[in-house]
Amino acid sequence: MATEKINILIVEDESIVALDLAAGLENDGYHIAGIADNAAEAKELFSNNKVDILLMDVNIIGDKDGIDTAIELLQQRTVPVIFLTAFTDPVTVNRVKHIQAAAFLTKPYSVTNVRIAIELAINNFAMARHQEASGKVISMEKNAERPVPDTSDKETVLQMNDYIFVKNNYVFVKIKLPDLLYIEADNNYVNVITQEKKFVLRLSLSQLLEKINYKPLVRIHRSYAVNINAIQSFNDQEVQINKAELPIGRNYKEEFLRNFDFR
(Lines give C-alpha, C1' and ligand atoms only; values in the text may rest on other atoms or scores of the structure.)
Protein backbone atom coordinates (compact mmCIF):
# COMPACT_ATOMS: atom_id res chain seq x y z
CA MET A 1 0.00 0.00 0.00
CA ALA A 2 1.23 3.49 -0.81
CA THR A 3 -0.02 5.00 2.44
CA GLU A 4 -0.13 3.48 5.88
CA LYS A 5 -1.38 4.51 9.27
CA ILE A 6 1.20 5.16 11.94
CA ASN A 7 1.51 2.10 14.19
CA ILE A 8 1.48 2.72 17.94
CA LEU A 9 2.29 0.22 20.69
CA ILE A 10 0.73 1.06 24.06
CA VAL A 11 2.32 -0.36 27.23
CA GLU A 12 0.09 0.58 30.15
CA ASP A 13 -0.80 -1.34 33.32
CA GLU A 14 -4.28 0.18 33.71
CA SER A 15 -6.46 -1.59 31.15
CA ILE A 16 -9.26 1.01 31.18
CA VAL A 17 -6.77 3.82 30.57
CA ALA A 18 -5.06 1.82 27.79
CA LEU A 19 -8.33 0.98 26.02
CA ASP A 20 -9.57 4.56 26.25
CA LEU A 21 -6.28 5.87 24.85
CA ALA A 22 -6.34 3.28 22.07
CA ALA A 23 -9.92 4.20 21.10
CA GLY A 24 -9.07 7.90 20.99
CA LEU A 25 -5.98 7.38 18.84
CA GLU A 26 -7.78 5.01 16.47
CA ASN A 27 -10.51 7.62 16.11
CA ASP A 28 -7.78 10.10 15.13
CA GLY A 29 -6.62 7.74 12.38
CA TYR A 30 -3.70 5.93 14.02
CA HIS A 31 -3.33 2.15 14.13
CA ILE A 32 -2.81 0.41 17.46
CA ALA A 33 -0.20 -2.32 16.99
CA GLY A 34 -1.05 -3.78 20.38
CA ILE A 35 -1.62 -3.18 24.09
CA ALA A 36 0.54 -4.72 26.83
CA ASP A 37 0.75 -4.32 30.59
CA ASN A 38 4.09 -6.06 31.22
CA ALA A 39 7.57 -6.38 29.74
CA ALA A 40 7.17 -9.87 28.25
CA GLU A 41 3.99 -8.93 26.35
CA ALA A 42 5.54 -5.68 25.20
CA LYS A 43 8.60 -7.51 23.80
CA GLU A 44 6.45 -10.01 21.94
CA LEU A 45 4.25 -7.34 20.39
CA PHE A 46 7.23 -5.15 19.51
CA SER A 47 9.05 -8.07 17.87
CA ASN A 48 6.09 -9.30 15.83
CA ASN A 49 4.52 -6.00 14.69
CA LYS A 50 5.45 -2.82 12.90
CA VAL A 51 5.81 -0.14 15.57
CA ASP A 52 6.44 3.51 14.73
CA ILE A 53 5.74 5.04 18.15
CA LEU A 54 6.06 3.48 21.61
CA LEU A 55 3.76 4.82 24.34
CA MET A 56 5.26 3.48 27.56
CA ASP A 57 3.94 3.77 31.10
CA VAL A 58 6.76 3.88 33.64
CA ASN A 59 4.84 1.76 36.16
CA ILE A 60 3.89 -1.57 34.54
CA ILE A 61 3.19 -5.05 35.91
CA GLY A 62 6.15 -7.29 36.71
CA ASP A 63 9.75 -7.01 37.86
CA LYS A 64 10.80 -4.68 35.03
CA ASP A 65 9.37 -1.20 34.86
CA GLY A 66 8.61 0.75 31.68
CA ILE A 67 12.02 2.40 31.53
CA ASP A 68 13.96 -0.89 31.66
CA THR A 69 11.50 -2.39 29.16
CA ALA A 70 11.93 0.54 26.77
CA ILE A 71 15.72 0.14 26.90
CA GLU A 72 15.41 -3.53 25.89
CA LEU A 73 12.97 -2.76 23.07
CA LEU A 74 15.19 -0.02 21.68
CA GLN A 75 18.07 -2.48 21.48
CA GLN A 76 16.01 -4.33 18.84
CA ARG A 77 15.32 -1.21 16.77
CA THR A 78 15.08 2.50 17.40
CA VAL A 79 11.68 4.20 17.52
CA PRO A 80 10.45 7.34 19.30
CA VAL A 81 9.36 6.66 22.90
CA ILE A 82 6.75 8.70 24.75
CA PHE A 83 6.62 7.98 28.48
CA LEU A 84 3.31 8.17 30.31
CA THR A 85 3.59 8.33 34.08
CA ALA A 86 2.24 9.60 37.37
CA PHE A 87 5.81 9.73 38.72
CA THR A 88 7.69 13.02 38.39
CA ASP A 89 10.40 12.47 41.00
CA PRO A 90 13.98 13.44 40.03
CA VAL A 91 15.19 9.82 39.89
CA THR A 92 12.49 8.82 37.36
CA VAL A 93 13.01 11.94 35.27
CA ASN A 94 16.78 11.41 35.22
CA ARG A 95 16.40 7.77 34.09
CA VAL A 96 14.09 8.86 31.27
CA LYS A 97 16.54 11.56 30.18
CA HIS A 98 19.25 8.96 29.59
CA ILE A 99 17.01 7.20 27.07
CA GLN A 100 16.46 10.48 25.18
CA ALA A 101 12.71 10.01 25.26
CA ALA A 102 10.68 11.92 22.69
CA ALA A 103 8.22 13.13 25.33
CA PHE A 104 7.28 12.71 28.99
CA LEU A 105 3.57 13.09 29.79
CA THR A 106 2.28 13.09 33.36
CA LYS A 107 -1.05 11.54 34.28
CA PRO A 108 -3.83 12.38 33.95
CA TYR A 109 -3.32 13.19 30.26
CA SER A 110 -5.73 13.73 27.40
CA VAL A 111 -5.76 12.24 23.91
CA THR A 112 -5.05 15.77 22.65
CA ASN A 113 -1.84 15.91 24.73
CA VAL A 114 -0.79 12.51 23.41
CA ARG A 115 -1.59 13.54 19.83
CA ILE A 116 0.66 16.61 20.15
CA ALA A 117 3.40 14.49 21.74
CA ILE A 118 3.21 12.02 18.83
CA GLU A 119 3.62 14.82 16.30
CA LEU A 120 6.62 16.23 18.17
CA ALA A 121 8.10 12.76 18.56
CA ILE A 122 7.95 12.06 14.83
CA ASN A 123 9.36 15.49 14.04
CA ASN A 124 12.27 15.26 16.51
CA PHE A 125 13.09 11.68 15.57
CA ALA A 126 13.16 12.49 11.86
CA MET A 127 15.36 15.54 12.47
CA ALA A 128 17.76 13.50 14.60
CA ARG A 129 18.05 10.83 11.91
CA HIS A 130 18.68 13.51 9.28
CA GLN A 131 21.43 15.05 11.43
CA GLU A 132 23.03 11.62 11.94
CA ALA A 133 22.97 10.94 8.20
CA SER A 134 24.44 14.34 7.36
CA GLY A 135 27.10 14.14 10.07
CA LYS A 136 25.80 17.18 11.94
CA VAL A 137 26.32 17.31 15.70
CA ILE A 138 24.21 19.37 18.09
CA SER A 139 26.14 20.65 21.08
CA MET A 140 24.34 20.18 24.40
CA GLU A 141 26.31 22.93 26.13
CA LYS A 142 24.12 25.55 27.71
CA ASN A 143 25.41 28.51 25.72
CA ALA A 144 26.20 26.71 22.49
CA GLU A 145 24.58 27.91 19.32
CA ARG A 146 21.77 25.55 18.34
CA PRO A 147 20.10 25.10 15.00
CA VAL A 148 16.90 27.06 14.57
CA PRO A 149 14.03 25.10 13.05
CA ASP A 150 12.93 26.32 9.65
CA THR A 151 9.42 27.69 10.17
CA SER A 152 9.10 29.30 6.76
CA ASP A 153 7.41 26.25 5.23
CA LYS A 154 3.65 26.10 5.44
CA GLU A 155 3.54 22.32 5.67
CA THR A 156 5.36 19.70 7.71
CA VAL A 157 6.95 16.88 5.72
CA LEU A 158 9.20 14.42 7.52
CA GLN A 159 11.28 11.52 6.25
CA MET A 160 12.28 8.35 8.07
CA ASN A 161 14.10 5.73 6.04
CA ASP A 162 11.98 4.96 2.95
CA TYR A 163 8.84 6.71 4.23
CA ILE A 164 7.73 10.30 4.31
CA PHE A 165 5.18 11.51 6.82
CA VAL A 166 2.67 14.13 5.70
CA LYS A 167 -0.29 15.68 7.48
CA ASN A 168 -3.72 14.43 6.44
CA ASN A 169 -6.16 16.64 8.35
CA TYR A 170 -4.38 16.75 11.74
CA VAL A 171 -2.87 13.26 11.70
CA PHE A 172 0.43 12.17 10.13
CA VAL A 173 0.17 9.40 7.54
CA LYS A 174 3.05 7.44 6.04
CA ILE A 175 3.75 7.35 2.32
CA LYS A 176 6.20 4.71 1.19
CA LEU A 177 8.56 6.46 -1.21
CA PRO A 178 8.80 3.58 -3.73
CA ASP A 179 4.99 3.79 -4.07
CA LEU A 180 5.01 7.50 -4.87
CA LEU A 181 4.16 8.08 -8.57
CA TYR A 182 4.75 11.79 -9.18
CA ILE A 183 4.49 15.25 -7.67
CA GLU A 184 2.70 18.10 -9.41
CA ALA A 185 2.98 21.81 -8.67
CA ASP A 186 -0.33 23.68 -8.47
CA ASN A 187 0.16 27.40 -7.75
CA ASN A 188 1.10 27.61 -4.03
CA TYR A 189 0.43 23.91 -3.50
CA VAL A 190 1.81 20.56 -4.63
CA ASN A 191 -0.16 17.40 -5.30
CA VAL A 192 1.59 14.24 -4.14
CA ILE A 193 0.19 11.41 -6.25
CA THR A 194 0.35 7.79 -5.12
CA GLN A 195 -1.29 4.72 -6.60
CA GLU A 196 -4.21 5.05 -4.22
CA LYS A 197 -4.51 8.68 -3.15
CA LYS A 198 -3.63 12.32 -3.76
CA PHE A 199 -2.26 14.51 -0.96
CA VAL A 200 -2.36 18.29 -1.27
CA LEU A 201 0.44 20.14 0.54
CA ARG A 202 0.83 23.87 0.89
CA LEU A 203 4.40 24.47 -0.23
CA SER A 204 6.37 24.73 -3.45
CA LEU A 205 7.72 21.81 -5.47
CA SER A 206 11.29 22.97 -4.80
CA GLN A 207 10.67 23.07 -1.05
CA LEU A 208 9.22 19.58 -1.06
CA LEU A 209 12.08 18.12 -3.10
CA GLU A 210 14.56 19.63 -0.64
CA LYS A 211 12.86 17.68 2.15
CA ILE A 212 12.92 14.31 0.39
CA ASN A 213 16.11 12.29 -0.04
CA TYR A 214 15.14 9.67 -2.63
CA LYS A 215 17.28 9.18 -5.74
CA PRO A 216 14.55 7.81 -8.06
CA LEU A 217 12.55 11.03 -7.54
CA VAL A 218 13.61 13.23 -10.46
CA ARG A 219 12.39 16.62 -11.63
CA ILE A 220 11.36 16.60 -15.30
CA HIS A 221 9.63 19.99 -15.54
CA ARG A 222 9.25 23.12 -13.45
CA SER A 223 5.85 21.72 -12.41
CA TYR A 224 6.60 17.98 -12.18
CA ALA A 225 8.86 15.50 -10.45
CA VAL A 226 8.46 11.78 -11.09
CA ASN A 227 9.48 8.48 -9.59
CA ILE A 228 11.71 7.01 -12.30
CA ASN A 229 10.67 3.50 -11.29
CA ALA A 230 6.99 4.32 -11.90
CA ILE A 231 7.45 5.44 -15.52
CA GLN A 232 5.63 3.19 -17.99
CA SER A 233 6.95 4.86 -21.16
CA PHE A 234 8.54 8.11 -22.34
CA ASN A 235 9.69 9.97 -25.43
CA ASP A 236 11.44 13.29 -26.05
CA GLN A 237 8.45 15.32 -24.94
CA GLU A 238 6.69 13.44 -22.14
CA VAL A 239 6.58 10.53 -19.72
CA GLN A 240 3.60 8.33 -18.99
CA ILE A 241 2.80 7.23 -15.45
CA ASN A 242 -0.45 5.51 -14.53
CA LYS A 243 -2.26 6.94 -17.58
CA ALA A 244 -1.02 10.46 -16.83
CA GLU A 245 1.08 12.11 -19.56
CA LEU A 246 3.55 14.52 -18.00
CA PRO A 247 5.66 16.97 -20.04
CA ILE A 248 9.46 16.96 -20.02
CA GLY A 249 10.77 20.52 -19.80
CA ARG A 250 13.58 21.55 -22.13
CA ASN A 251 15.77 22.63 -19.20
CA TYR A 252 15.32 19.27 -17.43
CA LYS A 253 15.62 16.83 -20.36
CA GLU A 254 19.37 16.29 -20.19
CA GLU A 255 19.34 15.65 -16.44
CA PHE A 256 16.36 13.31 -16.83
CA LEU A 257 18.08 11.23 -19.54
CA ARG A 258 21.18 10.76 -17.39
CA ASN A 259 19.14 8.40 -15.24
CA PHE A 260 19.11 5.84 -18.05
CA ASP A 261 21.92 3.68 -19.36
CA PHE A 262 21.59 3.86 -23.16
CA ARG A 263 23.42 1.15 -25.09
Residue check, Q131 surrounded by fewer than 18 Cβ atoms within 10 Å (Cβ to Cβ) and at pLDDT below 80: yes
Every residue from region 29-45 that is outside any helix (DSSP H, G or I) and in contact with a helix residue (DSSP H, G or I) (Cβ under 6 Å, 6 or more places away or on another chain): I32, G34, I35, A36
Flag for E26 being of a type in the set (D, E, K, R), open to solvent by 70 Å² or more (accessible area, probe 1.4 Å) and assigned to a helix (DSSP H, G or I): yes
Among (1) open to solvent by 70 Å² or more (accessible area, probe 1.4 Å); (2) part of a strand (DSSP E or B); (3) not charged (D, E, K, R) - the single one Q75 does not satisfy: (2)
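Results for (1) in contact (Cβ under 8 Å) with a residue 24 or more places away in the chain; (2) closer than 21 Å to F172 by Cβ; (3) surrounded by 15 or more Cβ atoms within 10 Å (Cβ to Cβ), shown as yes or no for each residue.
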site: T69; (1), (2), (3): yes, no, yes
site: P80; (1), (2), (3): yes, yes, yes
site: V91; (1), (2), (3): no, no, no
site: R95; (1), (2), (3): yes, no, yes
site: Q100; (1), (2), (3): no, yes, no
site: A103; (1), (2), (3): no, yes, yes
site: I116; (1), (2), (3): no, yes, no
site: L120; (1), (2), (3): no, yes, no
T69 closer than 23 Å to R115 by Cα, of a type in the set (S, T, N, Q) and not in a loop (DSSP other than H, G, I, E, B): yes
Residue tally, condition open to solvent by less than 10 Å² (accessible area, probe 1.4 Å), of a type outside the set (V, I, T) and part of a strand (DSSP E or B), over region 167-185: 3
Meets criteria (surrounded by 19 or more Cβ atoms within 10 Å (Cβ to Cβ), within 25 Å of V81 (Cα to Cα) and at pLDDT 80 or above) for I164: yes
Tally, over region 212-263, of residues that are exposed (fewer than 12 other Cβ atoms within 10 Å of the Cβ) and at positive phi: 1
Some residue of region 46-55 being modelled with pLDDT of 90 or more, surrounded by fewer than 16 Cβ atoms within 10 Å (Cβ to Cβ) and in a helix (DSSP H, G or I): yes
Residues satisfying the stated conditions in region 1-23, i.e. part of a helix (DSSP H, G or I), of a type in the set (G, A, S) and surrounded by 15 or more Cβ atoms within 10 Å (Cβ to Cβ): A18, A22
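The values are calculated or read from the model by the stated rules, or taken from the named source; none is laboratory data. This is a predicted model, so every value here is computed, not measured. FYI the Cβ positions are ideal-geometry reconstructions off the backbone, even for glycines, and counts take in every protein chain you see. Heads up: the accessible areas ignore ligands, DNA and RNA and are worked out on the full protein's heavy atoms, side chains in. Shrake-Rupley method; radii C 1.70, N 1.55, O 1.52, S 1.80 Å.
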